[in-house]
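Read the structure below first, then the notes.
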Amino acid sequence: MNSAMKSIVWVCALFASVTIAAVASADEPAPSRPPLDKCAWEKLTDKTAGLAAWAQRCDFGFRQIHFEFVGNALAIKYSDGGAPDPLVEVLDILSGETAESAVLRLLLEKTDKAVSARCVLAPYTEGTVPAGVKRYTFSPDAAYAKELQAAANDEVPDPPCGDWGEMPDGIQYFEAPAGEGDKLLFVRVGQDEPLFDEQTLRVLPTG
């Protein structure tokens, strides 16, 4: 093979590798919105937690904020605060369970029986839900909701269905990623637009 032919082969191989890299990069979702002022998006991945996420690192001068993985969770950490606060937890779907039955099991495990008996599993449909993703919450049944409405006042009430159900002053839900998998997410968005990107959370393949 002469030098000209070797150059052509090398260029073709280089082009192919660049094309493959571009396709792989295109498969990774970009953040769904611009970062806040004084913040920048960074991609965080942890194989132990089994999660990939976009999160913002912020420097407001008097306070710095970043995200880190703690056990099975993506957590937010404030420079002037205490321990990291878990906002996205990765939870198991057991063998033989559907996503819905796994969510219900987890809710029943984590909620007082007297409360869970008056609440029902329901789809969470507020906001934009990514294609293929399903979201769930735990809401008062019709009779319980009527009682709560009658007793409502200007004070913020306790969560009607426990700490893992719908919240009166914030947003949180269970999320089943697109496709068949063995993991669920519990996502605490809070009151305002979160500093992590709830639209592009990705559960990593196991094994």
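Contact annotation: residue pairs with Cβ atoms under 8 Å, 6 or more positions apart or on different chains, pairing a residue in the range 134-146 that is more than 19 Å from Ile171 (Cα to Cα) with a partner that is crowded, with 20+ Cβ neighbours inside 10 Å, are Tyr144/Cys119. Only one of the listed residues (Asp154, Asp158, Asp169, Asp163) is farther than 26 Å from Glu89 by Cα, in a loop (DSSP other than H, G, I, E, B) and out of contact with any strand residue (DSSP E or B) (no Cβ under 7 Å at 6 or more places or on another chain). That residue is Asp154.
Summed over the range 109-144, residues that are aliphatic (A, V, I, L, M), surrounded by fewer than 17 Cβ atoms within 10 Å (Cβ to Cβ), at pLDDT below 95 and in a helix (DSSP H, G or I) total 1.
The values are calculated or read from the model by the stated rules, or taken from the named source; none is laboratory data. If you're wondering where the values come from, they're calculated on a predicted model, not measured in any experiment. Here Cβ is always computed from backbone atoms with ideal geometry, including for glycine, and neighbour counts include all displayed protein chains.
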